[in-house]
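Comments concern the structure below.
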Amino acid sequence: MNKLIAIIFSLMITSSAIADEWPHENISNADFALEIQDRAPINIIEEIDNSFGKIYFFTNIRNLQGQSVTHRWIYNHKVMADVVFDINGPRWRVWSSKNLWPTWLGEWTVEVLNSNGEVLYKKEFNYINK
C-alpha cells in the first residue's frame, strides 16, 4: 500500500511540474509558425520579414471542452480578425492564420480568449521590413 501511495504522490508532483511549465493552466502550447503539419506548428517564429505573406498561430487547449476559444489578431491596437473555435475534447489543438500585407509592419498580437471574453494568454511577433 505504501508503494502505491508513493507512486500516486510521484505522479501528482510530475503532473504539477509539467502544468507549471505551460503558458497557462488551459494552454500547454502556443506558437506562431510558418506552417502546420499533422496538427503541429512547423518553423516556429517570433519575428518574420514581409516577404512572407501568411502566418499561423497554433494553440494546444486543455480542459475547456464544451466551451469556445477565440484567437483575436491585433495590429496597431485594432482587431484585425476574431477566429472562434468550439472545444470538443479535453485536449484540442487549434490554429488560425492571417494573410499579412507587406506594409503591415510592426508588432502583432494574438490574444486567446475564453467563452466569457477573458484573455487567457497573449503572444506577440514582429513583422519587419525585408
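What residues qualify as long-range amide H neighbours of Leu120, i.e. H under 5 Å apart, gap of 5 or more or another chain, H built at 1.01 Å from N?
Counting only residues 5 or more places away or on other chains, the set is Val112, Leu113, Asn114.
Treating cross-link reach as a plain straight distance, find the aspartates and glutamates whose alpha-carbon is under 17 Å from the alpha-carbon of Lys130, omitting any fewer than eight places away in the same chain.
Answer for Lys130, where 17 Å is the Cα cut-off: Glu46, Glu47, Asp49, Glu107, listed by chain and number.
Show me, for segment 106-113, the HN-Hα J-couplings you get by feeding each phi into the Karplus relation (A = 6.51, B = -1.76, C = 1.60, θ = phi - 60°), rounded to Hz, glycine and proline as x.
So the Karplus estimates, Gly and Pro as x, are x, 8, 10, 10, 10, 9, 9, 10 Hz.
Using 0.36 nm per residue of separation minus the Cα-Cα distance, give me the extension gain between Lys54 and Leu34 in nm, one decimal.
Residue separation times 0.36 nm, minus the Cα-Cα distance, leaves 6.5 nm.
When the Karplus curve 6.51 cos²θ - 1.76 cosθ + 1.60 is applied with θ = phi - 60°, which whole-Hz ³J(HN,Hα) does each residue of segment 21-36 get, with x for Gly and Pro?
8, 6, x, 7, 4, 10, 10, 8, 7, 8, 9, 8, 8, 7, 7, 10
Report relative contact order for segment 55-130 in percent, whole number only (criteria: Cα-Cα under 8 Å, sequence separation at least 6).
Here the relative contact order equals 34 percent.
We did not get these values from a lab; they are worked out from the coordinates using the rules stated. Note that the structure is predicted; figures quoted are calculated from it, not measured.
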